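What follows is a short report on a single structure.
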Protein chains: 2
Amino acid sequence: MNNYKNLLEPRSIAVVGVSEDAGRPGSQAVRALMSNGYTGTIYPVNPKYETFEGLKCYGSVADIEGDVDLVVIGVPAQGVLAVLESSAQKKVPFAVVLSGGFRESGPEGVLREEKMLAIARAAGMRIIGPNCLGFANIHSRVYAAFGSITREPKLEKGSVSLVTQSGGFGYSIALACAEAGIGFRHVIATGNESDVNTVQLIEALLDDDETHTIVAYIEGTNDGRALLEIGRKATARGKPILLWKGGVTEQGALAAASHTASMTGVYDFYRALFKQTGIVEIREIHEAVDFLKALESKKYPDNGGVAVMGVSGGSAIVFADAGEPQGLTLCELGNDTQQKLLAVVPNIGAVHNPIDLTAGYFSAANAQKLEAAVGATLEDPAVGSLCINLATTGVSGSLAAAQVLARIAASASKPILVFSSAPSVQIAEALRVFADAGIPVLPSPSRAAKAIAMLMRFKRTQSRILQMQEDEGLKVERASVPLSTAVGSRSSLSEVESKEMLRSIGIPVTTDLIVKGFDAALFDKVKAPLVVKIVSADIAHKTEIGGVKVGIRTAQELESAIEQVLANAQRHVPAAYIEGVLVSEMVTGGFELIAGVVKDPSFGPVVVVGAGGIYAEVLKDSACRIAPFGLPTAMEMLDELQCSVIMRGVRGALPLDVDAVARALVALSQFAWEQRGDIAEIDINPMFVLPHGVIAADALIVRG
Amino acid sequence: MNNYKNLLEPRSIAVVGVSEDAGRPGSQAVRALMSNGYTGTIYPVNPKYETFEGLKCYGSVADIEGDVDLVVIGVPAQGVLAVLESSAQKKVPFAVVLSGGFRESGPEGVLREEKMLAIARAAGMRIIGPNCLGFANIHSRVYAAFGSITREPKLEKGSVSLVTQSGGFGYSIALACAEAGIGFRHVIATGNESDVNTVQLIEALLDDDETHTIVAYIEGTNDGRALLEIGRKATARGKPILLWKGGVTEQGALAAASHTASMTGVYDFYRALFKQTGIVEIREIHEAVDFLKALESKKYPDNGGVAVMGVSGGSAIVFADAGEPQGLTLCELGNDTQQKLLAVVPNIGAVHNPIDLTAGYFSAANAQKLEAAVGATLEDPAVGSLCINLATTGVSGSLAAAQVLARIAASASKPILVFSSAPSVQIAEALRVFADAGIPVLPSPSRAAKAIAMLMRFKRTQSRILQMQEDEGLKVERASVPLSTAVGSRSSLSEVESKEMLRSIGIPVTTDLIVKGFDAALFDKVKAPLVVKIVSADIAHKTEIGGVKVGIRTAQELESAIEQVLANAQRHVPAAYIEGVLVSEMVTGGFELIAGVVKDPSFGPVVVVGAGGIYAEVLKDSACRIAPFGLPTAMEMLDELQCSVIMRGVRGALPLDVDAVARALVALSQFAWEQRGDIAEIDINPMFVLPHGVIAADALIVRG
């Protein structure tokens, strides 16, 4: 945060590009600073004016007598570079370039953006934008912005900070939050992100004490690895990040490419990011609103047991339906709890979960009973959180409930959420009581369920990250032999070399020998049944040309197989250089997986595992995680696979050694991370999981 | 509708259970009728009063001098039967029983509900309730209701009718709609549904000209079959039904069971219902709001091509992301269209889809340009619908856009939807213009995408239903031989009989013979390879006791196999009666499916098809449709299966005969429908799909 202090808390701001045209970005910025009561110094810059809005107007940034913490640039594109030069001369540490006409506008703009960066780098100046709406610090009334950020409705002060690559869409999220009563700290629209990017700003906001929750909209980042670390740090500290990733489908990515020319990145890897960091994915504007409301109380359920209590049976059913796929259970209440409820719930109600208080229960007359009912329920150890369905409860009933729940929430550690469908103008007083007590009120029971489930997942991931920092050895510091020492400069390793490498990191591989011809002693070296394969870098599709024979059990079969694959290779690819014939163990009785590593330009090495064979094509059944990781993460990956049902033993078949697969994935992830400078790809296909252990039957390591 | 005219448009209403206690349901109803200006006659009934609220008060319903169309009963449960007797004597055609204390409250209540029904049936009286909030006819200001329905905010007149089994939750939907400016015709909360049920009311509302769209919340119905027919009729007529099914998960169903003791029904069958009828499933309150807004214009896209136009690139990306999984495509615009757009879109914008109008474009000054841009886009044949992203556009820009779009919408047949995030109080004028023009305004681009996709699906299903009424022969009238004639009164058919039955309806089956022992001539009758199975009603698990042998190719093998299965049977289940040994063709080279029929108490016969063998357990890969149906529906089922990838030929394998599977499913559906009085279950496991044709290798028909 210190690094960005001059940007976000500037003591003085020069605004270049003010004009009598009130629509000009610079004019909007100055007016917003003044009307919102910014207390620092404002220096309008335009050589044509003596004064602007009653302030002294300067010919250039260099002419300003005092220090300038931040320059806001709203001149047309052609003029931006000169302003930057002048600002550099003045040693201004930060610039916000509102102007468009850069990378997004064609070759000339690309060049201009490069020059802009060169000026900034030379001067040690940092830039937000260009082509952005700018930012506002709502607490300090800094408006280095134009457009919707400066217009009505004004955002209220609060603890949410927003960083968005798309000004228009991102500010739509802010407006929806504002309408729901959520206040803001910083709102930053980053535009082209030539220099300062969303990930860096999220990191800066992590260190801002006034920011409790961060919401971000990004289309892409080339710094996914940093986001992984920042996300984990944020979750560990209990400062949630809500992230909307735009461009997650093919056509979405296409639209994003034409929008800001950002790489959108592979959505699967972002999903791994969410799971590994606790960063909360959002995919709807109202979801951001719901989640921010729910996070405001900073209370998290310890378990997935939820008690549902209220006056609408239908609402309880809808809650149950929405909660089940999210891992929430309408837990069974203890006998004690039910006994206590019996004393305060009418006979025709229900004291099991969902608790039916019966119509009209919420009233001042029932305040003590309600307090007893809620208290007893929260004391039940099976209850991790409580949802109160007010549903259509009217003005006085809602207020009575709010007062009781506010009293209880003051000392309760378990989250309490409320569903109310009464119009907010009617029950405004109750809503104020709820808000003051940090009790989120949601507009449907299903949305309440989703919010509780989010709280539960956040807490769970937080515990895992705190645990992991001890267990998983995320900081791999062991200096292993670099791949280049082992294999020189070749771009990929042979099957034998690849398998040797896997064996060296503890992944069992099939025994193979490369032979030039038949030798009866082979049976002593490799355990039958055998597979025979032609070995040649010039033959890509071995099976198709008859270069593979399987199920060989006798010396006679082996001799014939070796002769045949050699003959077939010579016939079909006469020019091929034949290294020899690979004789391997044939694996039987296991389940075929595919495991591997891909290196993503943004996230670095990512480990992928999936069902192999025909399942690979049918199920597209795979899971991935960013490397490196430990056993719990590897087990979680395997649990995501549909084929884990088979591995765990189906139709009375023996369960297979899932733990061994997890260990192999961990080894792969550590190896890929250590060798990240040198390995582009690892493919193990197939990797068999057996009743005891795993075995890699074929492997390829590609460097790069 | 005529049947329900006295209920929904009563000329006179007796309200029993009025009292000085304003909280009594009866008192609430009378006050609501009076304050809302009901123009018919109100007869308050309470022997203790001379007058109530200035109206003459009667001692009993029978004392009323004029005709009574409707009696509203709000007395405590113990008094309800007497009131019904009195109403029956007066020949009142309809009663709304608001009172609780019936089925939902234990054995005494069950008995009371039975007596209530007996009185009503004897008198030909129909009952809404008991244990319900009642109903309101907003147009005619009929309030036969209490609780939230009678409280502020008052619903506005409109064309949406709501029927709900849960008063509290259902009215929450109404309140959210009302807040979004949606008006209502009828709002009916049905409670216990002892007599009149949701399905019947939906049917009645279909014939109500003032109702354009029906929203329903149900937890269960025992008349799913009627809902199938009503749903199809509604869609064919262009009168959409939005249905929320509560209790779709295990814990949701459990909560529902304890709520109203309704059977919730199998969710899979409801999902089949949605697909087969065009009934629109809703699972969120805001979804109901969005969809109702979108349906109001009665414009539907002819195809999944959407043009997206606006001032926020991020919003377009979010639209694209949400649209893709829903089948919406950001279509390519024709050259013509792009040329026309070039003339009116700034250089730095984009004339391909999504169309980037550039920031600040929406303004009075650009009205003509916008009109040209929208006009050109809508003329493009690839464009089925248009989404305009106003995003954060402010007051004047929104109004300018609204005026242009309203002019165009007046004559356009393609739906236009708008995304705006500006606070509704600010852009109220623009929102009014949009509303008057029937242009839905949605609060996020993703919700706009989901609403357009819903319109597309509705239109598509409507076309299919209209086509189907010609093609699919849904009214099966052919009187086939009842099963009972063929097999007498046994509760299930043997494998041989079952297969014979399938053969008779055109589904190929494997050839089998039951033999007592080996006979060399068998090879002439059944084509090898063969399967040999013990046949005994006393042996459930044939494989486990060595009662099955496969892959028999020689006479010697066959002789030995027959001896072995007989010996194994005798050894393991000495008491079993052995009918003989089944010798069948062994099917090879196909893919194993499971097909069958289950008879649901609510929906009747439902056809299920899924992946067989190990896939059945791993994938849970199955699809179902309510019988009977034709080929297009059967093909749609198969397209839903993950394993359809395999059937269509994977890894260069020959494609299998998917058409033959579809024909078999149609035959099964027709047969199950014809014999619905006699068949409880059909299991074909496995049914092999081959490169040419299908073949049922084992089958079981259970009667009932």
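What follows is calculated from the coordinates using simple rules that are stated; it is not laboratory data. For clarity, every value in this text was computed on a predicted model and none was experimentally measured. Neighbour counts are summed over all protein chains in view; Cβ atoms, including those assigned to glycine, are modelled from backbone coordinates with ideal geometry.
At a glance:
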{"read-out": "Distance cut-off 17 Å, percentage of C-alpha pairs in region A:1-137 lying past it", "value": "55 percent"}
{"read-out": "Among A:Ala322, A:Val196, A:Phe52 - extreme Cα towards positive end, dipole of the protein assembly as shown, charges at beta-carbon", "value": "A:Phe52"}
{"read-out": "Quotient of Cα Rg and 2.2 N^0.38 Å for region B:152-296, N being how many residues it contains", "value": "0.96"}
{"read-out": "Qualifying chymotrypsin sites (Phe, Trp or Tyr not before Pro) for region B:522-626 [loop in DSSP, other Cβ within 10 Å: at most 14]", "value": "B:Tyr577"}
{"read-out": "Using alpha carbons only: equivalent-ellipsoid semi-axes of region A:93-180, gyration tensor based, whole Å", "value": "28, 15, 9"}
{"read-out": "Residue-span extension gain [B:Asn335 to B:Asn222] - 0.36 nm each, minus C-alpha spacing", "value": "35.2 nm"}
{"read-out": "Positive-end residue, the protein assembly as shown charge dipole about Cα centroid, Cβ charges, pick of B:Ala376, A:Gly610, A:Val535", "value": "B:Ala376"}
{"read-out": "Residue-count net charge about B:Gly40 - beta-carbon cut-off 10 Å; Lys, Arg +1, Asp, Glu -1", "value": "0"}
{"read-out": "Gained length - A:Glu210 relative to A:Lys620, 0.36 nm times residue gap less alpha-carbon distance", "value": "143.2 nm"}
{"read-out": "Amide N of region B:557-581 lying under 17 Å from the label point, which is placed 7 angstrom from the Cα of B:Phe523 along Cα→Cβ", "value": "B:557-563"}
{"read-out": "Relative contact order for chain B, counting Cα pairs under 8 Å that sit 6 or more residues apart, in percent", "value": "8 percent"}
{"read-out": "At 7 Å out from Cα toward Cβ: A:Val425 inter-copy label distances (nm, ascending)", "value": "0.9"}
{"read-out": "Charge tally in the Cβ shell below 12 Å around A:Lys157, where Lys, Arg are +1 and Asp, Glu are -1, A:Lys157 excluded", "value": "+1"}
{"read-out": "Longest to shortest principal axis, alpha-carbon extents of the protein assembly as shown, angstrom", "value": "100, 99, 68"}
{"read-out": "Only Lys, Arg (+1) and Asp, Glu (-1) charged, at Cβ; region B:511-585 dipole about Cα centre in debye", "value": "100 debye"}
{"read-out": "Set of lysines near A:Lys293 by C-alpha distance (under 24 Å), chain-local residues within fewer than 8 positions excluded", "value": "A:Lys154, A:Lys157, A:Lys233, A:Lys239, A:Lys245, A:Lys275, A:Lys414, A:Lys450, A:Lys459"}
{"read-out": "Fully extended contour minus Cα-Cα distance, from A:Glu371 to A:Arg237, at 0.36 nm per residue", "value": "44.9 nm"}
{"read-out": "Calculated [θ] (222 nm, deg cm²/dmol) that DSSP helices of n ≥ 4 give over the protein assembly as shown, each run adding -39,500 (n - 2.57)", "value": "-12000 deg cm²/dmol"}
{"read-out": "Cα-based radius of gyration of region B:299-466 once divided by 2.2 N^0.38 Å, which approximates compact folds", "value": "0.95"}
{"read-out": "Residues of region B:277-305 with amide N under 14 Å of the 7 Å Cα→Cβ point at B:Ser424", "value": "B:286-294"}
{"read-out": "Ascending list, in nanometres, of distances separating the B:Asp302 label from those of the other copies (7 Å, Cα toward Cβ)", "value": "6.3"}
{"read-out": "Label-to-label distance, nm, for residues given as B:Lys157 and B:Glu681 (7 Å Cα→Cβ offset)", "value": "5.6 nm"}
{"read-out": "Radius ratio Rg over Rh of region A:511-585, counting only Cα atoms, Kirkwood formula for Rh", "value": "0.95"}
{"read-out": "Rough spin-label spacing in nm, given labels placed 7 Å along Cα→Cβ, for B:Ala540 and B:Glu114", "value": "3.5 nm"}
{"read-out": "Centre separation in Å (Cα based) which lies between region B:649-704 and region B:273-300", "value": "34 Å"}
{"read-out": "Percent antiparallel among DSSP beta bridges (both partners in the protein assembly as shown, rounded to 5)", "value": "50 percent"}
{"read-out": "Charge dipole magnitude, Cβ of K and R +1, D and E -1 - region B:1-133, Cα centre, debye nearest 20", "value": "260 debye"}
{"read-out": "Backbone N within region A:494-517 under 20 Å of label point (7 Å from A:Glu557 Cα along the Cβ vector)", "value": "A:510-515, A:517"}
{"read-out": "Exam field: A:Gly704 pseudo-label spacings to other copies (7 Å along Cα-Cβ), nanometres", "value": "6.1"}
{"read-out": "Shape of chain B, Cα gyration tensor, a/c cut at 1.5", "value": "oblate"}
{"read-out": "Net dipole in debye of chain A [+1 Lys, Arg Cβ; -1 Asp, Glu Cβ; about Cα centre; nearest 20]", "value": "880 debye"}
{"read-out": "Modelled FRET efficiency - R0 30 Å, B:Glu379 with A:Asp21, Cβ distances, 0.05 increments", "value": "0.25"}
